[in-house]
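One structure is given below, represented as structure tokens, and several questions about it will come after.
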Ligand code: NAD
């Protein structure tokens, strides 16, 4: 059983297929896209060990021959050296513009391989086969690709849409609980930013889906992808509305930077804490009812997720230090910090009009709670 979410972007339109068994029948799922019965897989060691055999069997069942490049796992892979390695491998393999590259992994592989495909021969087609919850609900959809540099995360990249996305619920079964819940941070974000009914649905069903209920997982992914697709179609290159997807990210990125992009705080964990702080700030500014920040934190707590600065192990900079890290975010426009705030759960909006003093106060109070 698979649900499709269509992303209607004109001549760059594509489908996101969500369901079980998609990797096992990958060949049948992508055969219509192939100019010749060959494909090129780029993946990483952990995913390769667990799932590459299934993908290869799924392709060969449809008569598709596939070579694979297997990179190391982890965020450091998303940089210049492995970008060069990927591009050079695809060139050595004589991949042509109409051929199909398969990005098989989490957000790290999706972002890196998408970018390699964007610059190779000025644009080679690629399919995303995301293997983490975060990648299924967020990074594989919408066409943002790129790498990190010594100056920061995601600073070099391109918009390059995939030609199909296969989000297979089965592969999530091997994901560690912490990585699953980090991805759930992005799922909760969708409810918080634009769909109060979805957030209420998550309050009712979140724990069961975290425990492994495949139908609930598929439904949560479908609703998240549909929301992302709707926003991306309105604003593909982030001139306006797409910034809503950054709810929790201005705080989250500062916390990620403060913890050195390490195991101390995963991206989705930073987003979840960031969402709680964004609602706290909205409430302090009188924009949203006072109970909303507590409701956000209560749901994160019920899921067993990090929700406060106190949940981050080790030292953190003081409020001014965190503010300085926020000012380095690439969402800064003309020196002005842009925030995503909310009038309530499901009602986020973008604003450049936030007094730094209010942010400093929220941060110093949150730090005092540690
Ligand atoms: P990731 O790709 O590093 O995967 C997280 C961990 O899970 C890794 O250790 C990986 O080896 C492991 N893993 C992957 N699939 C697995 C599976 N099925 N079973 C067991 N283990 C598995 O990280 P991520 O959280 O998927 O993505 C984070 C990246 O995504 C960041 O670089 C972030 O910047 C990027 N991102 C991009 C966008 C976008 O729009 N392009 C959006 C959000 C995040």
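Indicate the gyration tensor shape class of the stretch 150-211 (rounded, prolate or oblate), computed on the Cα atoms with a ≥ b ≥ c the square roots of the eigenvalues: a/c under 1.5 is rounded; otherwise a/b larger than b/c is prolate and the rest oblate.
prolate
Count the DSSP beta bridges whose two residues both fall in the chain, then state the antiparallel fraction as a percent rounded to the nearest 5.
40
Moving to a separate point now. Angle check, please: helix 196-211 long axis (alpha carbons) against the longest principal axis of the chain (alpha carbons), in degrees 0 to 90, nearest 10.
Computed tilt is about 60 degrees.
Relative to the longest principal Cα axis of the chain, at what angle does helix 107-119 sit, 0 to 90 degrees, rounded to 10?
In the chain, helix 107-119 runs at an angle near 60 degrees to the longest axis.
Something else about it: If you count, for each residue, the other Cβ atoms within 10 Å and average over each peptide, how do 19-31, 145-157 line up from highest to lowest?
So the order, starting with the most tightly packed, is 19-31, 145-157.
Compute the long axis of helix 214-234 from its Cα atoms, compare it with the longest principal axis of the Cα atoms of the chain, and write down the angle in degrees, 0 to 90, nearest 10.
Result, in degrees: 80.
With label points built 7 Å along Cα→Cβ from the Cα atoms of residue 33 and residue 211, find their separation and express it in nm.
3.6
Please report the spacing between the Cα centers of the stretch 195-244 and the stretch 63-136 in Å, no decimals.
25
Follow-up. Obtain the nm distance between the two label points defined at residue 294 and residue 65 by a simple spin-label model: each point lies 7 Å from its Cα along the Cα-to-C-beta direction.
Inter-label distance under the simple model: 6.6 nm.
Another one. When a/c is below 1.5 the answer is rounded, else prolate if a/b is larger than b/c, else oblate, so apply that to the stretch 3-174 with a ≥ b ≥ c taken from the square roots of the Cα gyration tensor eigenvalues. Mind showing how you got there, number by number?
Values: a/c = 1.26, a/b = 1.23, b/c = 1.02.
Since a/c stays below 1.5, the shape of the stretch 3-174 is classed as rounded.
Can you sort 251, 199, 126 from fewest to most other Cβ atoms within 10 Å of each residue's own Cβ?
So the residues, fewest neighbours to most, are 199, 126, 251.
Stretched out fully, how many nm does the piece from residue 49 to residue 204 gain, at 0.36 nm a residue minus the Cα gap?
Working: separation 155, 0.36 × 155 = 55.80 nm, distance 3.48 nm.
Roughly 52.3 nm would be gained on extension.
Suppose R0 equals 41 Å. What FRET efficiency, 1/(1 + (r/R0)^6) with r the Cβ-Cβ distance, do residue 327 and residue 6 give to the nearest 0.05?
The pair residue 327/residue 6 has a calculated efficiency of 0.60.
With a ≥ b ≥ c the root eigenvalues of the C-alpha gyration tensor of the stretch 192-261, is it rounded (a/c under 1.5), prolate (a/b larger than b/c) or oblate? Can you show the working numbers first?
On the way: a/c = 2.28, a/b = 1.28, b/c = 1.78.
Taking the square roots of the gyration eigenvalues as a ≥ b ≥ c, the stretch 192-261 is oblate.
Multiply the residue gap between residue 311 and residue 235 by 0.36 nm, knock off their C-alpha separation, and tell me the result in nm, one decimal place.
The span from residue 311 to residue 235 would gain 23.9 nm if fully extended.
Values in this text are rule-based calculations from the coordinates and carry no lab data. Note that the structure is a prediction, hence the values are computed from the model and not measured. Methodologically, a virtual Cβ is constructed for each residue, glycine included, from the backbone with ideal geometry; neighbour enumeration extends over all protein chains shown.
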